[in-house]
Amino acid sequence: MGQWKLYGLAFAIITTLIIGGLLQSTHFCSMALFGVLVYFYYSDKTADGLKCMCINAALALLGFILLIYCPPSIVLKSLFLAIIALLTMYTAKRLCPNPMGPFFVIMIVSLGGTMHTQASDKLLQLFYLASGMAISIVAAYLTQQIEQRLSHAHQVLSENAPSMPTQQACILSTTYGATLFITYLLNLLFPYHTYNWLTVSAVANLKESKAKLALKRYGWYILGNLTGVVFIWLIYQISNSALLLLPLSAVLFLMTAIVININYGLALSCATPLAMILLDILHPVAINKLIIIRLTSIIIGSLIGLCASILIDKQLNRITVANGNH
């Protein structure tokens, strides 16, 4: 992550924690920080970087609304998630060069379908989430303006071009959406269905990469998560106070952004405790049970994701071969 982009993320996180402190609401901090995740879709290298971020934020918010207000039907919830996943993947591949995958959108949307929230609190949770997204968009905009003024680079940003042909984008998006439908259906039938970790683990590396590369990345994913679980267990032996956990979550958020391009496993060792802290604030549970849920979800979800990666890889290869023969 570039220097200025990192400054913007730090501004968004600190602003979120300050507002949560003024409101004396740990729930605001937790849900708003989930909203801040959309900042990862901001690119400061292209002319439409801010627009792509806003599109992903809109899709994430729309999906969250659909799932949190959806009737108690696991099929309908899975269908809504699949549609959002399809749209997010297609939009990314057609509008953004070197795009982020739909991972963070799926994380936010699937959270809406697994949260057991009272009807009176749903609107509040939605407002908190939207606040975090709004803070992120403002932070990205301010960062962009400041960086351009200081570097006098008003016209140097490159224009976007579609990064994937329409046919391949359609095949990839459809397969991705179908995979998410099945995965989320299993998640909602899972004994630990109040968490979205089975879905998140399955889609962590689910993209158009070679199966061998997917296997390697899922290996790093599991190793990074195991390290993160050990770390959070040690932290909870010291204290589970929000006065410790919220500042720690801010540090972990920034560390994830810093090391994500250095080492994937190391980034996951920061992101895992971050996710566990935020969900534990929303739904407190004994740390040992939380660890069991996380580890079980990781192993099963990663196996599902690996199988789906192989399927997507074969689908794209079939299209490439077919196009080459014409």
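The values are calculated or read from the model by the stated rules, or taken from the named source; none is laboratory data. Bear in mind the structure is a predicted one, so any value in this text is a computation, not a measurement. A quick note on method: Cβ atoms are made from the backbone with ideal geometry, for glycine too, and the neighbour counts reach across all protein chains shown. Surface areas here come from the heavy atoms of the whole protein model, side chains and all, with no ligands, DNA or RNA. Shrake-Rupley method; radii C 1.70, N 1.55, O 1.52, S 1.80 Å.
Side notes on the structure shown:
- Solvent-accessible surface of region 20-128, averaged per residue with a 1.4 angstrom probe and all protein chains in place: 39 square angstrom.
- Using the 1.4 Å probe convention, the accessible area of region 261-322 works out to 42 Å² per residue with neighbouring protein chains retained.
- Residue ranges 255-265, 22-32, 171-181, 236-246 sort as 171-181, 22-32, 255-265, 236-246 when ordered by packing (mean number of other C-beta atoms within 10 Å per residue, highest first).
- Listed residues Leu268, Thr256, Thr175: farthest to the positive end of the dipole of the chain (Cβ charges): Thr175
- Taken about its Cα centre, the chain carries a charge dipole of roughly 580 debye when the Cβ of each Lys and Arg holds +1 and the Cβ of each Asp and Glu holds -1.
- Where only DSSP H runs of four or more residues are counted, the chain gives -27000 deg cm²/dmol as its mean residue ellipticity at 222 nm, each run worth -39500 (n - 2.57).
- Neighbours of Leu223, meaning other residues whose beta-carbon lies under 15 angstrom from its beta-carbon, give a summed charge of +3 when Lys and Arg score +1 and Asp and Glu score -1.
- Long pairs among Lys5/Lys93; Lys216/Lys314; Lys45/Lys77, criterion Cα-Cα beyond 28 Å: Lys45/Lys77
- Taking all C-alpha pairs of the chain, those more than 38 Å from each other amount to 11 percent.
- Kyte-Doolittle mean at least 0.5 and Cα axial length at least 18 Å: DSSP H helices in the chain: 3-23, 49-68, 74-95, 119-151, 166-189, 211-238, 242-259, 264-282, 287-324
- 10 Å Cβ shell holding at most 16 others, DSSP loop, trypsin sites (Lys or Arg not before Pro): longest site-free stretch of the chain: 46-209
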